[in-house]
Amino acid sequence: MRTAPLHHTVIAGRYAMIDQIGAGGMGSVWRARDERSGEVVAVKVLGQHNAALLIRFVREQAVRVRHPHVVAPISWAADDDLVVLAMDLVAGGSVQDLLDEHGTLPVGYAAVLLEQLLQALAAVHAAGLVHRDVKPANLLLDPSEPGSDRPHLRLGDFGVAAPIADARYTTVPGAIGTQGYMAPEQARGAPPDPAQDLYAVGRVGLQLVSGLPPERQGEIGSGPLRPLLERLLVVDPEQRLASAEAALRLLRRLDIAFEAGPRVVDRLGRQPTDQIDWTAWALLGACVAVLALCVAVMVGTLR
């Protein structure tokens, strides 16, 4: 693996790396400029190569779902020992960040997040895929618009996504997903099915309004979201809501009014620039001018 820093490196003649903005088990995430389009994007760089990570990378780059609430790869590139995925840059952190910082969220705020998540899953399922790892850390957020408190969620990280009901992606005895958010049948190694994502939505929803991760969640308490959560967290997948669209219809029938919650801030800040430091050059010029004046005076005196 390449060990030199990637700052200012241009990958495959296309992605000019600007600064590192994250890291994880698969590798690092960078802010980069797409030299073809001029846009600033997020680039995921595959870390130490092994077969499992490479397979996950291949799966993720194959996802091509374009939707306002989905962050899927735009393209990929390889350059010697580097393999990268490019996707939209999302600067507001994740829903997990909100939970860590604010605990429980207002019900009306949580309902908006769930509505957007269900819209994203409807598009993913329509494309014939199951996400299989719906959890707060994979729910990214755009920074709040000026004058608006409404969040804008985007479902990301499709590294373990799989075609619907594809038996090749069963993983008995070790299920794929995150413990606590996986549906019971998913944990047992059942073939990928959209109902598994819907169960995870229920766990996420309960976490939004209770502030508790799945391992600490108890019974669903009373509240405006209870009818939805009860239908999502059914153990038997045959009794769960049939689709993300059905869950959306039920959520909208609940008619939960929006409540202001935490504003989503830009967690990345302004990108570094390589602009000339004109102040330093001005000071240097002044010093040179003073030195030149002194030389001129000395020469005149000697004459």
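The values are calculated or read from the model by the stated rules, or taken from the named source; none is laboratory data. Just so we're clear, the structure is a prediction, and the values are computed from it rather than from any experiment. In this analysis, Cβ positions are derived from the backbone assuming ideal geometry, glycine residues included, and neighbour counts consider all displayed protein chains.
Remark: TYR199 falls outside the filter, which requires a residue to be of a type outside the set (D, E, K, R), assigned to a loop (DSSP other than H, G, I, E, B) and buried (at least 20 other Cβ atoms within 10 Å of the Cβ). Can you pull out every residue in segment 84-108 that is over 19 Å from the mean Cα position of the chain (by Cα) and surrounded by 22 or more Cβ atoms within 10 Å (Cβ to Cβ)? The answer is LEU105, and nothing else. Does ALA62 satisfy the criteria of being within 24 Å of ALA244 (Cα to Cα), surrounded by fewer than 22 Cβ atoms within 10 Å (Cβ to Cβ) and modelled with pLDDT under 90? In short, yes.
Scanning segment 110-132 for residues that are part of a loop (DSSP other than H, G, I, E, B) and either surrounded by fewer than 23 Cβ atoms within 10 Å (Cβ to Cβ) or under 12 Å from the mean Cα position of the chain (by Cα) (or both) turns up ALA127, GLY128. For segment 257-268, does any single residue satisfy the condition of being modelled with pLDDT of 95 or more, over 24 Å from the mean Cα position of the chain (by Cα) and crowded, with 18+ Cβ neighbours inside 10 Å? No; the residues of segment 257-268 include none that is modelled with pLDDT of 95 or more, over 24 Å from the mean Cα position of the chain (by Cα) and crowded, with 18+ Cβ neighbours inside 10 Å. Note on segment 149-180: among residues that are of a type in the set (D, E, K, R) and under 17 Å from VAL134 (Cα atoms), the one that is modelled with the highest pLDDT is ARG154. Looking at (1) modelled with pLDDT of 90 or more; (2) closer than 20 Å to PRO192 by Cβ, can you tell me which one ILE55 breaks? All conditions are met except number (1). Cβ-Cβ distances below 8 Å connect the following pairs, each with a first residue in segment 239-265 that is closer than 30 Å to PRO184 by Cβ, a second residue that is assigned to a helix (DSSP H, G or I) and among the basic types (Lys, Arg), and a separation of six or more residues or different chains: ARG240/ARG231; LEU241/ARG231; ALA247/ARG231; LEU250/ARG231. Scanning segment 202-236 for residues that are crowded, with 17+ Cβ neighbours inside 10 Å, within 27 Å of the chain's Cα centre (by Cα) and among the aliphatic types (A, V, I, L, M) turns up VAL204, LEU206, LEU208, VAL209, LEU225, LEU228, LEU229, LEU232, LEU233.
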